[in-house]
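Presented below is the structure to which this report refers.
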C-alpha cells in the first residue's frame, strides 16, 4: 500500500468520516471527532500521525473545506460513510477485493495495542465505552506470543 493509501487508511480507522478540519487544535496534533455511532456519541480527540497531519494541512490550505471528507450533496456538508470512496481507491491502486474498509479499523486497533500495550488507550481512540467492545477489534498474532515467550525464556535461562 502506498503512502497516500496508508495515510488514508490510518485516518479512516481512527476517525471515520465525521472529522472537521477547522475544529482541530493544530498545536496539539489531534483532530476532534464530534460524532460517532455509539450511544454515547463518541465525541473525542484523536491523535494524528505526522503523515496524516501533513496531508490534512495540504487539504486545509488548498481551500475552504471544513470537513475531512466533504460532500456538497449532503445536508450536513460531509459524508457519513466512506465505503464507496474506499472501494474506488482500492480499485485505483489494485488492492485485492478481500481488503475491506472494516479491516483498517481492526488492524489499527491491533497495531496500536501491540505498540503501546495500553488497552485503555485503544478503547479511547476507537471511541468505545466498554473494553469488551474494544477486545473484539484486537487480533494479536500467535507469532507475537511466541516471540514474547522466547524473550522470557532467554532472560530466565
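The values are calculated or read from the model by the stated rules, or taken from the named source; none is laboratory data. Everything numeric here is computed off the predicted structure, so don't read it as measured data. All Cβ positions, even for glycine, are placed from backbone atoms using ideal geometry, and neighbour counts span all protein chains on display.
Condition check: outside any loop (DSSP other than H, G, I, E, B) and either in contact with a strand residue (DSSP E or B) (Cβ under 6 Å, 6 or more places away or on another chain) or closer than 23 Å to residue 29 by Cβ (or both). Does residue 124 satisfy that?
yes
Among (1) at pLDDT 75 or above; (2) assigned to a helix (DSSP H, G or I); (3) surrounded by fewer than 18 Cβ atoms within 10 Å (Cβ to Cβ); (4) in contact with a helix residue (DSSP H, G or I) (Cβ under 8 Å, 6 or more places away or on another chain), there is one condition residue 86 misses while meeting the rest; what is its number?
Tallying (1) at pLDDT 75 or above; (2) assigned to a helix (DSSP H, G or I); (3) surrounded by fewer than 18 Cβ atoms within 10 Å (Cβ to Cβ); (4) in contact with a helix residue (DSSP H, G or I) (Cβ under 8 Å, 6 or more places away or on another chain), residue 86 fails exactly one: (3).
If you scan the range 132-149, which residues turn out to be loosely packed, with under 14 Cβ neighbours inside 10 Å and either assigned to a helix (DSSP H, G or I) or touching a residue at least 40 places away in the same chain (Cβ under 8 Å) (or both)?
132, 133, 142, 143, 144, 145, 146, 147, 148, 149
Checking the conditions here, which among 77, 157, 63 is modelled with pLDDT under 80 and over 24 Å from residue 30 (Cβ atoms)?
None of the other options fit; the residue is 157.
On the basis of being in contact with a strand residue (DSSP E or B) (Cβ under 7 Å, 6 or more places away or on another chain) and either surrounded by 11 or more Cβ atoms within 10 Å (Cβ to Cβ) or without any contact (Cβ under 8 Å) to a residue 40 or more places away in the chain (or both), does residue 47 make the cut?
Criteria met by residue 47.
Here are 105, 129, 152: which of them is loosely packed, with under 11 Cβ neighbours inside 10 Å and either more than 12 Å from the chain's Cα centre (by Cα) or in contact (Cβ under 8 Å) with a residue 12 or more places away in the chain (or both)?
Just a single option satisfies the conditions, and that option is 152.
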